[in-house]
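Participant: Would you mind keeping the following structure in view while I ask a few things?
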Amino acid sequence: MKNLENKIELAKPSLEHRDSFFEAVREFEAEGKSIYMHGEKPNDDFNKVLEKIRNYEKGINLPADRVPQTELWLVEGNKFIGWVKIRHQLNENLLLQGGHIGYAIRPSERKKGYGTKILELALSVAKSLGIEKALLTCDDDNFGSGKIIEKNGGILENKVDNDGKLKRRYWIENK
């Protein structure tokens, strides 16, 4: 595992990381996954994406099923490594799946300790937002994410059926 301590940080999404972000989008697409781009396509005006991220944090123009969230990017210099979304509160859907914190590491950077680090850093931000006990969920068969959550103090509460797919629900006391 790389030494992650002084090289990486959570940063506000910015134009500085645009090109690397789009490289990561292509990596996700090559896996058959669509990265959440706030309704914009990679060729659209990136400033619109950034504006939506800022608005969602303030609770402005949220879709009906969304709650205010802080989105941060895990970066190393100009390199985009992953994103984390910290939801300021839970709605009925997030209580079952999604939780307070969701994160993703770009495929080429997985299994290097970044998942554990991004969640550790995100928990600190969540604490500053007043989230004393954070809910995290993952698919029952996503063993990597389960390990990351457990390494960060996650205690499995239960598994719930969500449209025929089991979701693990973990709580983390945010100290």
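The values are calculated or read from the model by the stated rules, or taken from the named source; none is laboratory data. These numbers were taken from a predicted model, which means no experiment stands behind them. For neighbour counting, all protein chains shown are included, and Cβ atoms are generated from backbone atoms with ideal geometry for every residue, glycine included.
Participant: Can you work out which of the residues in the range 61-75 that are of a type outside the set (S, T, N, Q) and modelled with pLDDT of 95 or more is farthest from S14 (Cα to Cα)? Walk me through it before giving the result.
Facilitator: Filtering the range 61-75 for residues of a type outside the set (S, T, N, Q) gives 62-68, 71-75.
This time we only want the ones that are modelled with pLDDT of 95 or more, so: 67-68, 71-75.
Numbers: V67: 22, P68: 19, E71: 11, L72: 10, W73: 9, L74: 12, V75: 11 Å.
Once the filter is applied, the top-ranked residue is V67.
Participant: Same structure, new question: If you go through the range 119-166 one residue at a time, how many are touching a residue at least 40 places away in the same chain (Cβ under 8 Å) and either within 15 Å of V84 (Cβ to Cβ) or touching a Cys at 6+ places or on another chain (Cβ under 7 Å) (or both)?
Facilitator: So the answer is 11.
Participant: Can you name the helices (runs of 4 or more DSSP H) wholly within the range 48-160 that have at least 2 residues being of a type in the set (D, E, K, R)? Outline the logic, then answer.
Facilitator: Working: elements: 92-96, 114-128, 143-151.
Result: 114-128, 143-151.
Participant: Name the residue that is nearest to F21 (Cα to Cα), counting only residues in the range 40-60 that are among the β-branched types (V, I, T) and at pLDDT 90 or above.
Facilitator: I53
Okay, residues lined up against (1) buried (at least 16 other Cβ atoms within 10 Å of the Cβ); (2) at pLDDT 95 or above; (3) charged (D, E, K, R):
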site	(1), (2), (3)
E92	no, no, yes
L123	yes, yes, no
G130	no, yes, no
L135	yes, yes, no
G146	yes, yes, no
